[in-house]
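Where a number appears in this text, it was derived from the coordinates with a stated rule and is not lab data. Remember, it's a predicted structure, so these values are computed and weren't measured experimentally. Note that each Cβ is placed from the backbone with ideal geometry, even for glycine, and that neighbours are counted across all protein chains shown.
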Amino acid sequence: MFMPVIMAGGSGTRLWPLSRGNYPKQFLALTGSSTMLQQTLLRLQGLPHSAPLLICNEEHRFIAAEQLRQLAVTEGTILLEPAGRNTAPAIALAAFKATQGSEDPLLLVLAADHVISDTKAFQAAVTQAEQFAASGKLVTFGIVPTLPETGYGYIRRGAVSQNAYLVQSFVEKPNLQTAEQYLASGEYYWNSGMFMFRASVYLQQLNKFRPDIYQACQAALLDQTPDLDFIRINKDAFMACPEDSIDYAIMEPLTANHSDEVVVVPLDAGWNDVGGFAALWQVAEKDEAGNVLQGDIMTDSTQNCFIRSEEQLVATVGVSDLVVISTKDAVLVAHKDKAQDVKAIVNQLKAAKRPEATFHREVYRPWGKYDSIDHGSRFQVKRITVKPGAKLSVQMHHHRAEHWIVVSGTAKVTIDGVDQFLTENQSVYIPITAVHALENPGKVALELIEVQSGSYLGEDDIVRFEDRYGRA
């Protein structure tokens, strides 16, 4: 029996415009109908494990909770990081949380944004690793390399330890010539970033090599506060924690001292960390011309392209080796070999303070979502979807009035303390400064069109008086 620890931080900027700051790749369905986070949990089915512990950023908490709910995962813990501090502190938080009381479980540490096509082989490797972790070893999973990849760190195996290997060393990302040598030798694996160990063993090693991280995370978790489905920790204590990866903090110092405490279990299971569009093209199903086509696409004389459209028709003629991504508010066209450089565009967007760096046109909220379908200098139009039983906060605006037109479902609208119910094709007007609330009392989704008008239409023109989701 082990506890899955799912690390769901990160921004996935190399997959922009699909992945953005407020909705990164681990929450997207990139290789199937389930999201990458959901696939990570689903591939554990059939293995004996306890409820998962998910670590994610504050701004992603409602997205994570909803995706767990869709899988009927009701007993999982969602631990909120006030800010990203890399993997060593994140795992420390999980280990401290897991050892509260008298428990000391084995932790299976997984990233939420990896593709693994062979679930059976993955589960066999986990079962194999469990034996070593139960005996006090720190286990890492080494991906059997299929090409001289220069984008990954490597693990060099040492002596045989039962049916796995001791780790001789962790190696930085190599150049192409060195990577070719690694591949030819058969002694090296890609570093997957997945681990298994007992919680107390990890904490002991962390306290030995990085007592500053140990103490900061311990202090942060000593002051924890339950908040709906989430666990909040002491922000000031965690913000004082240094950033470091588990590799630099623990694994490399151990192997540098020729320790026999670190074991690598080989994993040949169709693994890919989907670090960019070229990797996504590699793992996706292709047509006879080598194209990956997702959405409303038409092609002629097009080869080896990755083309995805969320809404509108995309047509290509006489092109090859391109990445074409069309979302509701942005289009990316890149050569497949240069698609990794999309991060430079994201940096330009951030420097220009453009919202496309962080937000999609469609924004998810704990009560549902909204899509900003049109806007001008003094108006904005949104399509709002409210989940059954959900309610927006009781609020008012200083600078804008709103019109709501119900498209489908039933809306309970409260304006200055007076309730009314609206159904399809009915509408209501909310004046400036009116205290109002919107609720879906029905069993199906409520959809409405909201037309805002006024001198200022920013999301920060909201004064909340009551909110069931704990937002200020």
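Assorted remarks:
- The chain - mean residue ellipticity at 222 nm from DSSP helices (-39,500 (n - 2.57) per run, n ≥ 4, rounded to 500): -6500 deg cm²/dmol
- Computed over the stretch 362-466: relative contact order in percent, which uses C-alpha pairs under 8 Å that are six or more apart: 36 percent
- Along the axis of the charge dipole computed for the stretch 1-91 (Cβ charges of +1 for Lys and Arg, -1 for Asp and Glu, origin at the Cα centre), the listed residues Gly10, His49, Leu71 are led at the positive end by Gly10.
- Cα centroids of the stretch 363-382 and the stretch 236-288: 38 Å apart.
- Spin-label proximity, Ser427 to the stretch 368-386 - amide N less than 19 Å from point 7 Å beyond Cα toward beta carbon: 371-385
- The DSSP beta bridges internal to the chain are antiparallel in roughly 70% of cases.
- Sequence-separation-based contact order of the chain, relative, with Cα cut under 8 Å and 6+ spacing, percent: 14 percent
- Based on C-alpha pairs under 8 angstrom that are at least 6 apart in sequence, the stretch 236-332 has a relative contact order of 15 percent.
- The HN-Hα couplings worked out from phi for the stretch 287-294 by the Karplus form 6.51 cos²θ - 1.76 cosθ + 1.60 (θ = phi - 60°) are 8, 5, 9, x, 8, 9, 10, 10 Hz, whole numbers, x standing for Gly and Pro.
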